[in-house]
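> The structure's right below; bear with me while I get my questions together.
The values are calculated or read from the model by the stated rules, or taken from the named source; none is laboratory data. Just so it is clear, the model here is predicted, and its values are computed rather than measured. Counting neighbours? That spans all protein chains shown, and the Cβs are built from the backbone with ideal geometry, glycine included.
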């Protein structure tokens, strides 16, 4: 990106969790209103609206692009669009908002990500999420999307040996980090031993993955305001995109090596080149730990470890909050929760907070560059952003 890249100038984040009795429409309105106010703007200043939600059957109400008008009627008649790219839906909505600004359509774009997943029972949630796989070959995998990643984990174990210690260490790290995140669904430090050992409360779910290896079924919303670079100069805060990259891969796992996130690796290579940085120049990364095996493979995709060596990054403390490259200081999806459409926006909000030194107890000291990796499916849609505070 360049000096003319759009900037994040305001944000808001709801509590993630099982949000009983909260109307999704009201949730969208709350985060939108608060994000606009955080940017020091009014609804009249917004030029376009970009709403990310997967839905896929979580809610009967679809076609959400105009729902925010009910809370903020001053947005009426603004162009609004719904964006979807599986678990990377939130990042897709951000890219849609950036294009709106870069094209000249808008000077300020409102981006909202949301999902209300807990209206359905867990087996039904699994069925909805399986729509993110290649249905012709993968829809019958037992265990829902956990089953897909269970197969990936088993393939990795078969090739490189048992990685249970590494997966447990990732889960324990992220739950410990989540203790400092006021928005997290589960603020509980389970410790390594609980995450490592099978028990009645931590049974196997799919393949070698236990319950503590799987992200939570959550409700939640996050919103941010994107502003043109020249407009951002006079605003209270501005976090720019030093890089913003999107790479897609084949949908069927059968056409890819399941133990390597090749498109994710390509996205990281392109983003670091675009940002003119090396990986260890980053102060932190918020990465897509929908399952602990995903975070392990993402260490390798980002270049933190060679293929098959991802365990070293976690077991040697490299990715700890006080390590050389803290990964998921927010607690990640594992602790924070994973409301599908909200996740990508949430990750960017967390990274923008870090770059702005506004992350409270989550803050990484002297953070300058914050990386984000958000993926849809098993590394099918891959988004990498590198954020830097302008002022």
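> Only one of these conditions is not met by residue 227: (1) under 26 Å from residue 345 (Cα atoms); (2) touching a residue at least 12 places away in the same chain (Cβ under 8 Å); (3) surrounded by fewer than 23 Cβ atoms within 10 Å (Cβ to Cβ); (4) more than 18 Å from the chain's Cα centre (by Cα). Which number is it?
Just one mismatch for residue 227, condition (3).
> I've got another one for you. Collect the residues in region 165-191 that are in a helix (DSSP H, G or I) and either in contact with a strand residue (DSSP E or B) (Cβ under 6 Å, 6 or more places away or on another chain) or over 16 Å from residue 289 (Cβ atoms) (or both), keeping them in residue-number order.
165, 191
> Quickly run through region 127-144 and pick out the residues that are modelled with pLDDT of 90 or more and either closer than 20 Å to residue 20 by Cα or within 22 Å of the chain's Cα centre (by Cα) (or both).
127, 128, 129, 130, 131, 132, 133, 134 - these are the residues of region 127-144 that are modelled with pLDDT of 90 or more and either closer than 20 Å to residue 20 by Cα or within 22 Å of the chain's Cα centre (by Cα) (or both).
> Then there's this: Please work out if residue 204 is free of Cβ contacts under 8 Å to residues at least 24 places away in the same chain and under 29 Å from residue 360 (Cα atoms). Working first, answer last.
Working: free of Cβ contacts under 8 Å to residues at least 24 places away in the same chain: yes; under 29 Å from residue 360 (Cα atoms): no.
Against the criterion (free of Cβ contacts under 8 Å to residues at least 24 places away in the same chain and under 29 Å from residue 360 (Cα atoms)), residue 204 does not qualify.
> Would you point out the residue of region 251-268, among those that are free of Cβ contacts under 8 Å to residues at least 40 places away in the same chain and surrounded by fewer than 17 Cβ atoms within 10 Å (Cβ to Cβ), that is farthest from residue 294 (Cα to Cα)?
Going through the qualifying residues, I end up with 255.
> Of all residues in region 297-317, which are outside any helix (DSSP H, G or I), farther than 16 Å from residue 154 by Cα and either touching a residue at least 24 places away in the same chain (Cβ under 8 Å) or within 21 Å of the chain's Cα centre (by Cα) (or both)?
303, 304
> Another one. Let me confirm something: among 114, 149, which residue is surrounded by 22 or more Cβ atoms within 10 Å (Cβ to Cβ) and assigned to a helix (DSSP H, G or I)? Reasoning before the result, please.
Details: 114 fails: assigned to a helix (DSSP H, G or I).
Testing whether each residue is surrounded by 22 or more Cβ atoms within 10 Å (Cβ to Cβ) and assigned to a helix (DSSP H, G or I) leaves just 149.
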